[in-house]
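Asks: Handing you a structure now.
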Amino acid sequence: MSVDLDRPTAAAARLEARPGSRRWPTIFVGLVAGVTLGVLGTIAVGALTGAVSPNLSGAAAEIPVLAQPQQQADALPTNIPGFDRAFIVAGSSRLVGQVDGVTYYLSRPTGGGVCLLILPAAPSIRWAQSCGDHLPIGVATADAGSARVVSSETPTPQGAIRLGLNVLVDPTSTMLNH
């Protein structure tokens with residue numbers, strides 16, 4: 001008895017009768033993978049350019065500086081009396097600027113939104129912080145004045161100082177509604 005090894009079996013002959021029928025799962029998986037990689041690539045490029053903030057929501061998504069990587073100068077000082085660091089997302093603080101010996105920081109609280117911290121250089125003057133999920137967010141202290149987090153389109157009122165795109169400071173007033 002001889003066996004012809006080159007002769008296709010009945011099952012193989014049926015598959016050969018439908019050319020390409022075994023390729024559709026491979027093509028489908030390739031298309032899905034391509035679309036997925038394209039979407040992820042678009043998000044990554046947008047995040048790097050600041051056009052997309054996939055991890056920010058609410059008021060924080062309206063603050064471009066929060067989408068940038070934290071620099072060494074952005075880190076909050078370690079010796080703020082009574083400040084609870086567990087309340088702030090690690091690495092989220094951003095130095096906005098200084099006016100008359102008072103430093104202003106933005107950060108993201110663990111519950112979402114954005115916080116503005118007024119931190120006077122003099123230890124005898126208490127720091128103040130306010131957080132919220134909708135702009136504007138204001139904070140005031142009797143000795144260091146007031147500040148607000150606003151949208152970048154908000155005009156700068158007379159007498160106020162703009163720090164970055166989103167913080168208005170009035171070091172002479174504790175009134176939050178400029």
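Asks: Select, from L119, L165, the only residue that is open to solvent by 70 Å² or more (accessible area, probe 1.4 Å), of a type in the set (A, V, I, L, M, F, W, C) and in contact (Cβ under 8 Å) with a residue 40 or more places away in the chain.
Replies: Numbers: L119 fails: open to solvent by 70 Å² or more (accessible area, probe 1.4 Å).
Result: L165 is the single residue among L119, L165 that is open to solvent by 70 Å² or more (accessible area, probe 1.4 Å), of a type in the set (A, V, I, L, M, F, W, C) and in contact (Cβ under 8 Å) with a residue 40 or more places away in the chain.
Asks: Looking only at segment 143-156, filter to residues that are in contact (Cβ under 8 Å) with a residue 24 or more places away in the chain and in contact with a strand residue (DSSP E or B) (Cβ under 9 Å, 6 or more places away or on another chain); which one of those is nearest to P123 (Cα to Cα)?
Replies: In the first step, residues of segment 143-156 are kept if they are in contact (Cβ under 8 Å) with a residue 24 or more places away in the chain; the result is 144-149, 151-152.
Narrowing further to those that are in contact with a strand residue (DSSP E or B) (Cβ under 9 Å, 6 or more places away or on another chain): 144-149.
Details: A144: 12, G145: 16, S146: 18, A147: 19, R148: 22, V149: 24 Å.
Residue satisfying both the conditions and the ranking: A144.
Asks: Next up: Those residues that are modelled with pLDDT of 90 or more and either open to solvent by 50 Å² or more (accessible area, probe 1.4 Å) or among the basic types (K, R) (or both), I need them from segment 134-151; list them, please.
Replies: Residues satisfying the conditions are H134, P136, R148.
Asks: Ok, one more. Name the residue that is surrounded by the most Cβ atoms within 10 Å (Cβ to Cβ), counting only residues in segment 63-75 that are farther than 16 Å from C131 by Cα and of a type in the set (A, V, I, L, M, F, W, C).
Replies: Filtering segment 63-75 for residues farther than 16 Å from C131 by Cα gives 64-65, 67-75.
When the remaining residues are screened for being of a type in the set (A, V, I, L, M, F, W, C), the result is 65, 67, 73, 75.
Numbers: V65: 17, A67: 20, A73: 7, A75: 13.
Here the answer is A67.
Asks: Oh, and also: Report, by residue number, each residue of segment 127-169 that is closer than 24 Å to T78 by Cβ and in a loop (DSSP other than H, G, I, E, B).
Replies: Listed by number, the residues that qualify are W127, D143, A144, G164.
Asks: Please list, ordered by first then second residue, the pairs with beta carbon atoms under 7 Å, 6 or more apart or interchain, first in segment 92-114 and over 17 Å from E62 (Cβ atoms), second open to solvent by less than 10 Å² (accessible area, probe 1.4 Å) and among the aromatic types (F, W, Y).
Replies: G97/Y104
Asks: So S124 ticks every box in (1) outside any strand (DSSP E or B); (2) within 18 Å of I63 (Cα to Cα) but one. Which box is left unticked?
Replies: Tallying (1) outside any strand (DSSP E or B); (2) within 18 Å of I63 (Cα to Cα), S124 fails exactly one: (2).
Asks: Would you pick out the residues in segment 94-153 that are at positive phi and not small (G, A, S)?
Replies: D100
The values are calculated or read from the model by the stated rules, or taken from the named source; none is laboratory data. Model, not experiment: these values are computed from the prediction. No Cβ is skipped: glycine too gets one built from the backbone with ideal geometry, and neighbour counts run over all protein chains shown. Quick note on the areas: whole protein, heavy atoms, side chains included, nothing else; ligands and nucleic acids left out. Shrake-Rupley method; radii C 1.70, N 1.55, O 1.52, S 1.80 Å.
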